[in-house]
Structures are given as structure tokens and as C-alpha cells.
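Student: Supplied in C-alpha cells, the structure appears directly below.
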Amino acid sequence: QGTGGSSAVSKCSAAARGYIQDRFQRLLAGRQRRRAPLIHRGYYIRARAVDHCVQDFLLKTQSHPRTQVLSLGAGFDSLYFRLKDMGLLHHTVVYEVDFPSVVCQKATLIKRMEELSALVGDTAGEGLGAITFSGEDYKLLGVDLSELSELGRALEEAGLDNEIPTLFIAEVVLTYMENSRSDALIQWAAERFPRACFLLYEQVHPEDPFGRVMQQHFSQLNSALHSLTQYPDCEAQQKRFLGRGWTECSVMDMNEFFTCCIPEDEQQRVQALEPFDEYEEWHLKCSHYFVLTASKGMDPSWTPLLPSVTVPHHAGPVGMAGSIPAAVCARLSGIPGLRRYGHCSVLIKPDVILTTGGFGEEDGQHCRLRNFHVLSKHAGYWKAECVTKKHPDKRWGERLYHTVSCVSDSLALVVGGRMSPSSAGLGMLWLKFPEIYNASDPGDIAVELVNLQPAAEPATLRWRHSTTEVTFKGEQYLFVYGGRSALEPVLGDWYFLHTRELSSTLIAVEGPVPESRHSHSACSWEGGVLIAGGLGAAEQPLGSVFLLRELEHGFRWQAVETYPPLIPRYSHTAHVHEGKLLLVGGVWFHASSVPGITVIDLMTGLCLDYVINVEHLEWPLMLHNHSSVFLPNEKELLVIGGGGNCFSFGTHLNPEPVSLSLSSILTSH
């Protein structure tokens, strides 16, 4: 019941910001709170999915003299009032069922609000058994859904007609019931109603890292998600309905629904409503919820309420070439400075890693981080060191999604980054540190921050970009590419910054220009740059790989073909080792698994996916918004930080760095 109240508040907030059109939800929600943009998007897609199917049902049955909609566990939803207001209920009665206490509260609210009671019109026959509220085309019944005989009796008393076309709606309801009871309800609906449709919206994929955080959240609320144990994916849910009397069943996750069922102009409208920079959590939320429609006995011309998925349906498992063990680094547990995301980690000396920026944990609080962090390896073990900053905080500006490039033994350049998603990007900074560093007696590492004049400004006012070292005619440059800014949701431009003078230099580039992207990966290779993946203009992950190759008079873009084609992804990290491109983690729409490590042979284009074996970790490893450092001699990959705000389920930060041993997959054959 608590989750019902809080979802009404979230829908109300989404309506207030223009995501959905619903002037009735605020009258039913009781309290009002402004939710975060990520929550707005989540409730937008939920409302769109339900409305899409309900309105399609009403449209396809409009030639019938009478139809009915039965909303199970309706809570404080405003569906009836919206449909009535739109003039869509000419010959349809809406029945809502929920716990008696919820229904009583709702009935009181409706009677009290002129705007609501006027739409219902005359009421009669209330207080008969379970009928708490009864208008001509709207009935509120207080019944426990798990008591089927009682439910059947109450519906009959309220005038439900088993013979006419009926739409059942269960919007995150059945999963709170024991599976035997929800299964019985699905079967009961199919057996009792010869012509019916069923609309289900709920969670899926409990076992991946996001799914584990999601499950834990609902367990802590004392409202565990029961369906997930028996029906962990869309396919299992489909079989569930087809095995219980329904003859047709379509299902799609919410990434597929957004791509297939929401027109492009509407997608763009929603994407522009509020400053937004939580793409990873949005796509993960969407891959963990699905919408399903089942039907039976409808007219011969009946077409499903959901289209067949025309985008490549990623239901099949990714063919994994092998697995890579993950281990926590001994002696690094419990160091709060390493729990962060949107940060940057860079090797400033052999076996010395500097981590800066991001969002994470400081003094028990979640915030944008000012502190720097150094890991150094001594006698085979990593240990954390303190960093003192000279002339610190104002210049640093608490940035996320910046880049740091080491240009000498004592100098690194910070490019871009942001504070909030609505603020302009931040410019450039030098970080100076001592040339000599004794790992056996580190003491404090002093890092001096040196502000730069606004040199090459447009190049630097961006975030989620890449900065990569390239060589042209023997000179060193930094190649700044892609990203996004406060004005442009995705950038496709690039700049060559001369490393010594930091002036933007014009160098000719030919060949097919890659599509704009951010959250991609970029690695130096043979004097040029390898760009892989990223999030493109329509917030769709990209699977393209490009090489920016040095020529005599400039550079040339060329596409790198991969076999099989690379699964589109973004928010991953990348490294090159002996002619192989390694992609680490990220987010993809391939819901059956999470990205591990992909190895692309740059000579042959062969592309192999490896799963990361996390059985020795006691916590979910979220491989997005992380940083990684590759140590070629040990063939070891160190993953630092990672995670994000998991929708309304809380913030997950990977608690400690993880070491991946790649020797088994990088041995030369």
C-alpha cells in the first residue's frame, strides 16, 4: 500500500513537469513532492505504456455495444478520470479493486473534490458488501486480490459481465502476491472471461547488479518482489500467460517500448524537458521493467495491443567466449575515497594511480567529491595514500565526467567536466606533482592546481568527452572529441590541442565523420585514436568503432569492422594491448546479461565477449561510470569506483577497487 501512495506522488510530480498530461493525479495523491528527473522519466514511460495499451483496447473494441476495464490493485491511480475526461468511456465501465482501506480513502477523496465527483455523476448502491463507491461507469471495490472467490462474488454484485470484452490491468501489483496466488488470478481471468485482454507492468532480471539493488530495496520496504524468483525474464512471463489459458501474448522491456512505440518527436520532447545526465540509470531502469499484453477469444481481426518488436530483440544470451575472475584488492577495503562514480583515474607513474572528481561518499555524505586519491603499488600490494592539494577547491570546482591526461613526469591536464547538468562545462587545469616518487616511502603526494587562462574554450566546455594523445609530424597533441554540453545533448566535433602551448591547432581530417556521441571510449594507438561505442543523438547506444589514422598531411577517419558486430554500448572504459582493443563494462540494451570485457582483434576484426565472474565479490559490481587502469606487465586491470543512482532504489557505489586478471585472454596464440 505504501508503494502505491509513493507512486501516486511520483506520477503527480511527473505531470507537474509536463511529462504526462494528468490534472487529476494531484487531487488523488494527497501530498506533493518534487521528484528527480530520473524518477520523472521512469514514471513517464510507465504511464505511456499503460495508456498506449488501454487506449488501443478501447479503440479496437469501440464497435462492441459494451466493454469493461478491471484495474487490479489500482491504488490512487487517476486512469478512470483521464479516460472519462477525454470522452473515451461511452460504453465502458471501469472497475477498480484494492484493499478496503485504500478504496475507502479514495472514495472519500472523490466525494470531497468537486472536480472528481462531477465526472462520476450520480452514485448509488454504495456500501453493499465490498462496493465502496458506485457511479454509472465507475465502481470501487475493497477486496483482497488473493481471495479469488470473494473477488468473483464482489465483481458479480457490482455488475461485471463475464461475456463482454474485458481488459485486466495489473500495474506493479501481482509481484507483491505469492506466486501461487497471482498465477491463480491469471488463470481465473482466462477461464472466467471468454473475450479478454490482460495488461501487466512489472520488474524483471533480478540477478544482475541493478536487479540485486532493486530487490534489496523492495525487501527493505518489507514488500518483496515474488514474481522474480519464478519469472526472471520476459520469456518466462510470456510462457506463464500462455500456459494459463491465454492464446496470444506479447512482451517488451521498456527500452524496446521507448524505441518502438513512442514517436521520435515525442521522444525528443521528453528528453528536452529537464536538464538530465543519468542515462545509465535510465536505461538500466528500463531494462528491468517490462510491459506484457495477453489476449484470448477476441475478434478474428484482432491485433495485439503491443506490436511485435521490430528492433533486434536481444532475448538470446550473448555468446560468451569465456570468463574472467574478479577479485577485491587486498588491503583496500573500507577506504571511502574510492567509492565514487563519474570520476577519472590515471597512471601518473608506473604503479601510481591518481583519482579525481566524481560523485561519491565523503564523511558519510553523498556529494560531488573534492578530494583526490592516490593508489600506489608496493611489494605486490596496492595501498591508498593521502593527497594534499595546493590552491585547491575553487579551481577544482567539484567536477564529474572530466578527463585527465598525463603529459609528462610531473604534469597532467584536466579537460572539461561539469558541476550540475544545467551548468556550463568547466575549463582546463594543470595538475603538477613531484617528478620523483618513492613508492616504499610515499608520505604525502602534493598536487598543485594551476588555473589556465580560457585557452581553447569551446574545446573544454564539455563533459562525457574523451581526450587522447596523438602524434602529428613528431609533435604531441591532445585530441578532444565528442561529449555533451549544457546546450548540446551530444557533440560530434573535435579539437587538436598542442600539448605545450594548449592552443587549438587546425589539422586536416578526411574520411567519413563518426556520428556524434558521448560516454564513448578513446585510446591512443599507433599515433592515432580508436573511438568505440558511446551514446548517440537519440540516446541510443552505438556499436561503431573508428580509427583516426595519421597521414602525411593530416588524419583520416576510417571505420573498423568487427565480426560479429560489436553489441552497442556506452559508459565503458577501454585499453589497447598488443593490437587488441579491450572494452570494459558499460551499459547496453541486451537485457539478458551485463557487459563484461570485449576483446577486439584490430588485425582481423574478431570480436569476443567475456563474462566477469563475480562469485568472490560479496556485493553487486556495477561496471558503468567506473574508471579502469591497465597494467600491461601483470596483464592486470584495476577497476576503480563505478555505480550510480539506481532509480528510486538508492545509490549504489562499488565499495572497493576490483582486480581483473586478463592473462588467460591475452596470451598470444
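The values are calculated or read from the model by the stated rules, or taken from the named source; none is laboratory data. What you are looking at is a predicted structure, and each value in this text was computed from that prediction instead of being measured. Because the Cβ atoms are built from the backbone with ideal geometry, glycine has one as well, and the counts that use them run over all protein chains shown. Areas reflect the complete protein model, heavy atoms only, side chains present, ligands, DNA and RNA absent. Shrake-Rupley method; radii C 1.70, N 1.55, O 1.52, S 1.80 Å.
Student: Just a yes or no: is a residue in region 497-515 without any contact (Cβ under 8 Å) to a residue 24 or more places away in the chain and open to solvent by less than 40 Å² (accessible area, probe 1.4 Å)?
Tutor: Within region 497-515 (the criterion being without any contact (Cβ under 8 Å) to a residue 24 or more places away in the chain and open to solvent by less than 40 Å² (accessible area, probe 1.4 Å)), the answer is yes, since at least one residue qualifies.
Student: State which residue is farthest from GLU550 (Cα to Cα) when the search covers only region 497-539 and only residues that are part of a loop (DSSP other than H, G, I, E, B) and of a type in the set (A, V, I, L, M). Even if it seems obvious, please write down each step before you answer.
Tutor: At the first step, the residues of region 497-539 found to be part of a loop (DSSP other than H, G, I, E, B) are 499-503, 506-507, 511-517, 519-520, 526-527, 533-534, 536-539.
Subset that is of a type in the set (A, V, I, L, M): 502, 506-507, 513, 537-538.
Numbers: LEU502: 20, LEU506: 14, ILE507: 11, VAL513: 15, ALA537: 27, ALA538: 31 Å.
The residue in question is ALA538.
Student: Give the residue, chosen from GLY586, GLY641, GLY596, GLY579, that is over 26 Å from ALA537 (Cα atoms), assigned by the TED database to the domain that holds LEU530 and touching an Asp or Glu at 6+ places or on another chain (Cβ under 9 Å).
Tutor: Criteria check complete, one pass: GLY579.
Student: Taking region 89-108 as the search range and keeping residues that are part of a loop (DSSP other than H, G, I, E, B) and over 34 Å from the mean Cα position of the chain (by Cα), which one is nearest to TYR201 (Cα to Cα)?
Tutor: Out of the qualifying residues, it is LEU89.
Student: Could I ask something else about it? Would you mind telling me which numbered condition in (1) closer than 18 Å to PHE193 by Cβ; (2) open to solvent by 20 Å² or more (accessible area, probe 1.4 Å); (3) of a type outside the set (Gly, Ala, Ser) GLU96 fails?
Tutor: (2)
Student: Within region 177-194, identify whether any single residue is of a type in the set (Lys, Arg), in a helix (DSSP H, G or I) and modelled with pLDDT of 95 or more, and answer yes or no.
Tutor: Yes, region 177-194 has at least one match.
Student: For region 99-115, how many residues are under 20 Å from GLY159 (Cα atoms) and either buried (at least 22 other Cβ atoms within 10 Å of the Cβ) or in contact with a helix residue (DSSP H, G or I) (Cβ under 7 Å, 6 or more places away or on another chain) (or both)?
Tutor: Here the count works out to 1.
Student: Now for a different question. Conditions: (1) open to solvent by 20 Å² or more (accessible area, probe 1.4 Å); (2) in contact (Cβ under 8 Å) with a residue 24 or more places away in the chain; (3) closer than 19 Å to THR92 by Cβ. LEU140 meets all but one. Number of the miss?
Tutor: Just one mismatch for LEU140, condition (1).
Student: Given (1) of a type outside the set (Gly, Ala, Ser); (2) open to solvent by 30 Å² or more (accessible area, probe 1.4 Å); (3) not in a helix (DSSP H, G or I), identify the lone condition not met by ARG26.
Tutor: Against the list (1) of a type outside the set (Gly, Ala, Ser); (2) open to solvent by 30 Å² or more (accessible area, probe 1.4 Å); (3) not in a helix (DSSP H, G or I), ARG26 comes up short only on (3).
Student: Return the residues of region 150-182 that are in contact (Cβ under 8 Å) with a residue 40 or more places away in the chain and of a type outside the set (A, V, I, L, M); say none if nothing qualifies.
Tutor: Passing the criteria: GLY152, GLY159, ASP161, PRO165, THR166, PHE168, GLU171, THR175, TYR176, GLU178, ASN179, SER182.
Student: Just one of LEU221, LEU185 is in contact (Cβ under 8 Å) with a residue 24 or more places away in the chain and crowded, with 16+ Cβ neighbours inside 10 Å; which is it?
Tutor: The unique qualifying residue is LEU185.
Student: Note down all Cβ pairs under 8 Å where the first residue falls in region 356-377 and is more than 18 Å from LYS389 (Cα to Cα) and open to solvent by 40 Å² or more (accessible area, probe 1.4 Å), the second is modelled with pLDDT of 85 or more and of a type in the set (Ser, Thr, Tyr), and they're at least six residues apart or on different chains.
Tutor: Close Cβ pairs (under 8 Å, with a partner that is modelled with pLDDT of 85 or more and of a type in the set (Ser, Thr, Tyr)) amount to PHE359/TYR341; HIS366/THR651.
Yes or no, residue by residue, for (1) in the same structural domain as ARG462 (by the TED database); (2) closer than 23 Å to GLY643 by Cβ; (3) crowded, with 18+ Cβ neighbours inside 10 Å; (4) basic (Lys, Arg):
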residue: GLU235; (1), (2), (3), (4): no, no, no, no
residue: TRP246; (1), (2), (3), (4): no, no, yes, no
residue: PRO275; (1), (2), (3), (4): no, yes, no, no
residue: LYS285; (1), (2), (3), (4): no, yes, yes, yes
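Student: Got a sec? Which helices (runs of 4 or more DSSP H) wholly within region 236-312 have at least 1 residues that are among the hydroxyl-bearing types (Ser, Thr, Tyr) and in contact (Cβ under 8 Å) with a residue 60 or more places away in the chain?
Tutor: Values: elements: 254-261, 264-271, 279-287.
Of the helices (runs of 4 or more DSSP H) lying wholly inside region 236-312, those with at least 1 residues that are among the hydroxyl-bearing types (Ser, Thr, Tyr) and in contact (Cβ under 8 Å) with a residue 60 or more places away in the chain span 254-261, 279-287.
Student: On the basis of being modelled with pLDDT of 95 or more, assigned to a helix (DSSP H, G or I) and in the same structural domain as PRO65 (by the TED database), does LEU167 make the cut? Show your work before the answer.
Tutor: On the way: modelled with pLDDT of 95 or more: yes; assigned to a helix (DSSP H, G or I): no; in the same structural domain as PRO65 (by the TED database): yes.
Against the criterion (modelled with pLDDT of 95 or more, assigned to a helix (DSSP H, G or I) and in the same structural domain as PRO65 (by the TED database)), LEU167 does not qualify.
Student: Tell me which of these GLN1 doesn't satisfy, since it passes every other one: (1) at pLDDT 95 or above; (2) surrounded by fewer than 16 Cβ atoms within 10 Å (Cβ to Cβ).
Tutor: (1)
Student: Another question, then. In region 482-496, is there at least one residue being without any contact (Cβ under 8 Å) to a residue 24 or more places away in the chain and assigned to a strand (DSSP E or B)?
Tutor: yes
Student: Looking at region 170-200 only, could you name the residues that are touching a strand residue (DSSP E or B) at 6+ places or on another chain (Cβ under 6 Å) and more than 18 Å from TYR231 (Cβ to Cβ)?
Tutor: Within region 170-200, PHE193, ALA196, CYS197 meet the criteria.
Student: A follow-up question, please. Would you please list the contacts, defined by Cβ atoms under 7 Å and residues six or more apart or on different chains, that run from a residue in region 43-59 that is under 14 Å from PHE257 (Cα atoms) and in contact (Cβ under 8 Å) with a residue 40 or more places away in the chain to a residue that is open to solvent by 10 Å² or more (accessible area, probe 1.4 Å) and part of a helix (DSSP H, G or I)?
Tutor: Note: pairs meeting the criteria are ILE45/PHE258; HIS52/CYS261.
Student: Of the conditions (1) farther than 25 Å from THR3 by Cβ; (2) among the acidic types (Asp, Glu); (3) surrounded by 20 or more Cβ atoms within 10 Å (Cβ to Cβ), ASP77 fails just one. Which one is it?
Tutor: Just one mismatch for ASP77, condition (1).
Student: Do we find that ARG35 is modelled with pLDDT under 95 and part of a loop (DSSP other than H, G, I, E, B) in this structure?
Tutor: For ARG35, the condition - modelled with pLDDT under 95 and part of a loop (DSSP other than H, G, I, E, B) - is met.
Student: Follow-up. Please indicate, with yes or no, whether at least one residue in region 64-84 is among the small types (Gly, Ala, Ser) and assigned to a helix (DSSP H, G or I).
Tutor: no
Student: Also, quick follow-up: Can you tell which of PRO489, PRO454 is at pLDDT below 90 and open to solvent by 30 Å² or more (accessible area, probe 1.4 Å)?
Tutor: Sole residue among the options that is at pLDDT below 90 and open to solvent by 30 Å² or more (accessible area, probe 1.4 Å): PRO454.
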